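What follows is a single structure, written as structure tokens, with notes after it.
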Amino acid sequence: MRSLRLPAVVCFLVLFLGKISWAQGPEDRTAKYMESVRQQPGLLLAFLQQMPKGGDLHVHLSGAIYAESFIDWASENALCVDRSTSKLIRSACDSCEAYTNKPSVRCAYQDHILYDQLLDAWSMRNWHREEESGHDHFFATFEKFGPAMEKHVGDALAEEASRAAEDHLQYVEVMHTADGMQAAMLGGKMGWDDDFGKFRDQLLDGGVADVVAAVRSQLDSDEARKKEVLHCGAVEGAPGCGVTIRYLYQVLRGLPREQVFAQILLGFELVKADPRFVGFNLVMPEDDYVPMHDFALHMRIIEALRKFYPATHVSLHAGELAMGLVPPEGLRFHIRESVERAGAERIGHGVDVMSEDDPIGLLQEMAKKNVLVEICLTSNDVILGVSGDRHPLPVYMKYRVPVALATDDEGVSRGDMTHEYLRAVETYGVSYLQLKRMARASLEHSFMPGDSLWSDGRELQRATACADEKASGDRVSSNCEKWMGANERARVQWQLERAFAEFEKRF
């Protein structure tokens, strides 16, 4: 009798375990696999590299480029380099003989000492925390390689799109001072006026429209070059062609106040005039004198100008600070002012949030207002020395503040989005489902136009038009397809859902 019962028991177990496996579903099996390789760095890296990641909402165009590309572009621009400072210069170059003062950048191709010097000076490669301030080395790179970007913005866009595709990103918002400082020069010419409305009118009458037109024309050219480099439209088009790129106008907040005002105004005007610009941001080191001294002024300027452009999206660098970098009082209000006065919908970095006045109240307010924080783990480590338990990522997650991982300046930092995900997993024990939520949040909180795929972005309830569609299916209904065709945000979000479905089939 016992021998007759055993096969029945075996069959029952097979059916039972099969039901458990089926009930888990692809998402659960994928999450389980990631947990199984959590302590195996190589396998974990391979898993995360292939994982769909949504969008990168915090990336500076010039900082996203690797130094190797800058050497090539500086050579094409016939630039020299000051060997003592590693700064690019425009002058008659010395010969390529060893240790001349200002050799052509082209000399680096035959001089491995010069080549390595430029890579180290123009990035965080071989930087040693014990020997030099990461903050100072990082921000000094931009002045050194800056001239290499001239005439190569299109090439830079192609590199950014290619790396985003390799990282399995669907969308990137690039910070870019696209006018070549024209607005700043116009503001300097006008001079300061305490009447913000009057100053706006003066700038609009004085030539801001011409700057907008020039930016749009130049961007047409730069994007054409990007498509040329990537062979977009051809059979052999590169994967980067499929990455959606939009722009945040990049305001240099370390400039004199009249120039900052003019740049902020240009940011608003560009968003109104060109759908490729979806918002603006303020950049440059937050701890520098002018950004600290004029911070409240900058917030008031944005608050005043938003009344003329209520639909414009704003993301602001705030809280990219740490104790000791500035006096304690400088840590207490930047994030709150950005959210409450300037109306920022996203915060870049937000590292010093627990040093703000009433930090718990601020976290609760950000959660209630659905303000996303762009988390840049590598950048915060190398620039501020903030990592591990000192980083507020777990605190933001605890208080249900939306977060998304971002690269910041992946070229200077010598990283990519995959390694941001790896840091999050290895350092903070982030799960697959949490990573997936971050990826979805990056698109939900992007500034793309159109309705969201989710009627409730927090609970991930689908919009009515596509409520019954299966991301794993080959087709969607005509009603859903038509709706997504009219809503760019939903369309890119659907691309992410399809990518997740394909990814999870492997596990």
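The values are calculated or read from the model by the stated rules, or taken from the named source; none is laboratory data. Values in this document were obtained by computation on a predicted structure and should not be read as measured data. Cβ sites come from the backbone with ideal geometry, for glycine too, and all protein chains shown count toward neighbours. Protein only, heavy atoms only, side chains kept; ligands, DNA and RNA dropped before computing areas. Shrake-Rupley method; radii C 1.70, N 1.55, O 1.52, S 1.80 Å.
Structural remarks
- Of all residues in the stretch 332-353, those being over 23 Å from the mean Cα position of the chain (by Cα) and either more than 27 Å from L305 (Cα to Cα) or open to solvent by less than 10 Å² (accessible area, probe 1.4 Å) (or both) number 0.
- Residue in the stretch 93-106 that is part of a helix (DSSP H, G or I) and surrounded by 13 or more Cβ atoms within 10 Å (Cβ to Cβ) present: yes
- Scanning the stretch 463-481 for residues that are in contact (Cβ under 8 Å) with a residue 40 or more places away in the chain, touching a Leu at 6+ places or on another chain (Cβ under 8 Å) and among the aliphatic types (A, V, I, L, M) turns up nothing.
- In the stretch 389-402, the residues that are out of contact with any His (no Cβ under 8 Å at 6 or more places or on another chain) and open to solvent by 10 Å² or more (accessible area, probe 1.4 Å): D389, R390, P394, V395, M397, K398, Y399, R400
- Considering the stretch 164-194, the residues that are open to solvent by 50 Å² or more (accessible area, probe 1.4 Å) and either touching a Lys or Arg at 6+ places or on another chain (Cβ under 9 Å) or of a type in the set (K, R) (or both) include one that is nearest to A224 (Cα to Cα), namely H168.
- Close Cβ contacts (under 7 Å, 6 or more residues apart or on different chains) running from residues in the stretch 322-343 that are more than 20 Å from H391 (Cβ to Cβ) to residues that are surrounded by fewer than 17 Cβ atoms within 10 Å (Cβ to Cβ) and of a type in the set (A, V, I, L, M, F, W, C) comprise E337/A296.
- Only one of the listed residues (L252, L248, L305) is hydrophobic (A, V, I, L, M, F, W, C) and more than 21 Å from the chain's Cα centre (by Cα). That residue is L305.
- Tally, over the stretch 205-221, of residues that are surrounded by 14 or more Cβ atoms within 10 Å (Cβ to Cβ) and without any contact (Cβ under 8 Å) to a residue 40 or more places away in the chain: 3
- Residue tally, condition among the charged types (D, E, K, R), buried (at least 16 other Cβ atoms within 10 Å of the Cβ) and part of a strand (DSSP E or B), over the stretch 439-469: 1
- Inter-residue pairs, beta-carbon under 9 Å, first open to solvent by 60 Å² or more (accessible area, probe 1.4 Å) and in the stretch 27-40, second assigned to a loop (DSSP other than H, G, I, E, B) and basic (K, R), 6+ apart: Y33/R506
- Residue check: S84 meets all listed conditions (1) farther than 30 Å from R498 by Cα; (2) within 28 Å of the chain's Cα centre (by Cα); (3) not acidic (D, E) but one, namely (2).
- Among the residues making up the stretch 304-330, those that are outside any strand (DSSP E or B), open to solvent by less than 70 Å² (accessible area, probe 1.4 Å), in contact with a Phe, Trp or Tyr (Cβ under 9 Å, 6 or more places away or on another chain) and not hydroxyl-bearing (S, T, Y) are A304, L305, R306, H313, G330.
- Summed over the stretch 275-302, the residues that are charged (D, E, K, R), under 30 Å from G450 (Cα atoms) and either crowded, with 16+ Cβ neighbours inside 10 Å or touching a strand residue (DSSP E or B) at 6+ places or on another chain (Cβ under 7 Å) (or both) give a count of 1.
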